Structure formats: C-alpha cells, structure tokens
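Structure record follows, encoded as structure tokens.
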Amino acid sequence: RKEVEQDPGPFNVPEGATVAFNCTYSNSASQSFFWYRQDCRKEPKLLMSVYSSGNEDGRFTAQLNRASQYISLLIRDSKLSDSATYLCVVRGGGGSQGNLIFGKGTKLSVKP
Amino acid sequence: EAGVAQSPRYKIIEKRQSVAFWCNPISGHATLYWYQQILGQGPKLLIQFQNNGVVDDSQLPKDRFSAERLKGVDSTLKIQPAKLEDSAVYLCASAWGGGQETQYFGPGTRLLVL
C-alpha cells in the first residue's frame with residue numbers, strides 16, 4: 001500500500017462547481033497533514049494545514065479523519081484560477097519528524 | 001523576503017555525464033531539503049540537512065547522488081553518472097527549523113537525461 005494515495009484525476013469541472021478531493025495515508029503515526037497546490041511547471045506551495053476538527057479558508061475546507069486515515073479537500077464555487085494539481089501531504093511519524101510524504105496529486109481543471 | 005533560489009533552472013545532459021544543482025535557502029533557515037519529482041509523481045525526499053549536518057539521507061541513491069551543505073547555508077546536489085531515470089525536477093526547500101515548520105520550495109531544476 002502506498003504511503004499517501006490520491007485519485008489522480010483529472011477532474012474537469014465548470015466554473016462555480018463544488019469539487020472534492022480525497023486522500024488516504026498508511027502510517028497511523030503520522031502527525032501533521034497538509035494540502036499543497038502545484039501549478040504547471042511551478043513549485044508546490046502550501047494551501048492549508050488539515051486539523052482533526054476540520055478547518056476552512058474561504059472557499060476551501062479541509063477535513064481529517066484519523067480513525068479512517070483519510071483526508072479531504074472541498075473547493076466551493078470553483079474559479080478558473082483554481083486549476084492546478086492538489087497534493088495531499090503527510091508529515092511522517094517516527095524519527096523523521098520533519099519529513100513530508102507527498103501523494104501523486106490530483107489534477108483539477110476548471111473550465112469557463 | 002527573498003525565496004529559495006535554485007540554479008540552473010534547466011539542464012540537458014547525456015547519460016553517464018555528471019551534473020550539479022545549487023540551492024540557496026531563505027536567509028536564516030536552518031533546515032534544507034532536496035526532493036526529486038518525477039513527472040506525474042509527487043516530490044520524494046532525497047536528503048535533509050540541519051545546518052551543515054545530514055539528518056536523513058535514507059532515500060538518496062548514494063552510488064550516484066551526493067549532496068553537501070558545507071557552511072550550513074547553500075547546498076549542492078550532484079549526480080555522477082546520470083541515468084535516464086534521473087530525468088526529473090529537483091526541488092530544494094528550506095524551513096526555519098527541522099520539526100513542524102512550513103517548508104518553502106524553490107522553483108526547481110528541470111533535468112533531462114538523454
């Protein structure tokens with residue numbers, strides 16, 4: 001089983017749509033969880049951290065279910081500028097406290 | 001505040017040649033990471049430095065890859081000799097510390113091995 005698994009997509013949605021991405025992770029000792037955004041031919045950038053209580057940042061909502069080892073990202077009212085690859089990221093448990101483990105990413109394309 | 005700088009941005013070499021990449025982290029960041037991102041994959045950690053010491057190089061193919069951060073600031077990653085499967089983007093990231101701090105990525109070096 002891969003450490004972090006995501007549906008690669010692509011997700012093709014119209015402007016204004018709501019889209020949800022899911023992610024599962026294998027290491028129950030993982031401590032921190034994130035969503036990164038990566039535009040085409042650019043570096044990854046932190047979109048938001050994910051907390052057990054769920055957290056929201058504008059149109060973006062992230063949820064974490066530790067029991068199921070499942071992370072989600074919901075984007076409401078999609079904009080053209082949301083088109084990017086969304087990477088699910090887990091900070092490894094155990095001794096490598098700082099290490100980030102990335103999923104393959106889910107590609108989102110928002111169309112007019 | 002200046003971000004993480006990397007050079008070159010692009011490099012094309014033939015297999016069995018050598019190549020080196022350079023990274024200058026954000027000023028004051030103690031921790032520096034090198035990642036390899038193959039097309040269609042997420043970044044994979046190659047090596048982590050804390051100041052000038054190696055914290056984790058468990059995923060670095062040490063028969064051909066080497067990295068150093070001699071003065072605890074900028075860093076170089078070398079591949080010698082390169083293989084076709086080394087074609088990837090090499091991303092450098094830095095963070096204030098080595099624990100839970102946010103990592104900031106540079107623009108990457110895109111390597112093509114022919």
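The values are calculated or read from the model by the stated rules, or taken from the named source; none is laboratory data. Fair warning: this is a prediction, and the values are worked out from it, not measured in the lab. Note that each Cβ is placed from the backbone with ideal geometry, even for glycine, and that neighbours are counted across all protein chains shown.
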When you look at A:Lys104, is it within 15 Å of the chain's Cα centre (by Cα), at the interface with another protein chain (Cβ under 10 Å from one of its Cβ atoms) and assigned to a loop (DSSP other than H, G, I, E, B), yes or no?
-> yes
Checklist (1) modelled with pLDDT of 95 or more; (2) within 14 Å of the chain's Cα centre (by Cα); (3) not in a strand (DSSP E or B) applied to B:Asp63, failing item | (2)
Hits in the range B:58-73 (condition: closer than 16 Å to B:Phe21 by Cβ and without any contact (Cβ under 8 Å) to a residue 40 or more places away in the chain) = B:Leu60, B:Pro61, B:Arg64, B:Phe65, B:Ser66, B:Ala67, B:Glu68, B:Arg69, B:Leu70
Is the range B:43-54 home to any residue that is among the charged types (D, E, K, R) and touching a residue at least 12 places away in the same chain (Cβ under 8 Å)?
-> yes
Could you check how many residues of the range A:1-37 are assigned to a strand (DSSP E or B) and either more than 13 Å from chain B (Cβ to nearest Cβ) or over 14 Å from A:Arg66 (Cα atoms) (or both)?
-> 14
When every residue in the range B:79-110 that is within 14 Å of chain A (Cβ to nearest Cβ) and of a type in the set (A, V, I, L, M, F, W, C) is compared, the one surrounded by the fewest Cβ atoms within 10 Å (Cβ to Cβ) is B:Trp96
Has the range B:2-14 got at least one residue that is modelled with pLDDT of 95 or more, among the β-branched types (Val, Ile, Thr) and buried (at least 20 other Cβ atoms within 10 Å of the Cβ)?
-> yes
Of the residues that sit in the range A:76-92 and are assigned to a loop (DSSP other than H, G, I, E, B) and among the charged types (D, E, K, R), which one is nearest to the other protein chains (Cβ to nearest Cβ)?
-> A:Lys79
For B:Thr76, work out the one condition from (1) more than 21 Å from B:Gln41 (Cα to Cα); (2) surrounded by fewer than 14 Cβ atoms within 10 Å (Cβ to Cβ); (3) in contact (Cβ under 8 Å) with a residue 24 or more places away in the chain it doesn't fulfil.
-> (2)
When you scan the range A:16-25, how many residues do you find that are surrounded by 13 or more Cβ atoms within 10 Å (Cβ to Cβ) and over 15 Å from the mean Cα position of the chain (by Cα)?
-> 1
Those residues that are touching an Asp or Glu at 6+ places or on another chain (Cβ under 7 Å) and of a type in the set (Asp, Glu), I need them from the range B:89-114; list them, please.
-> none
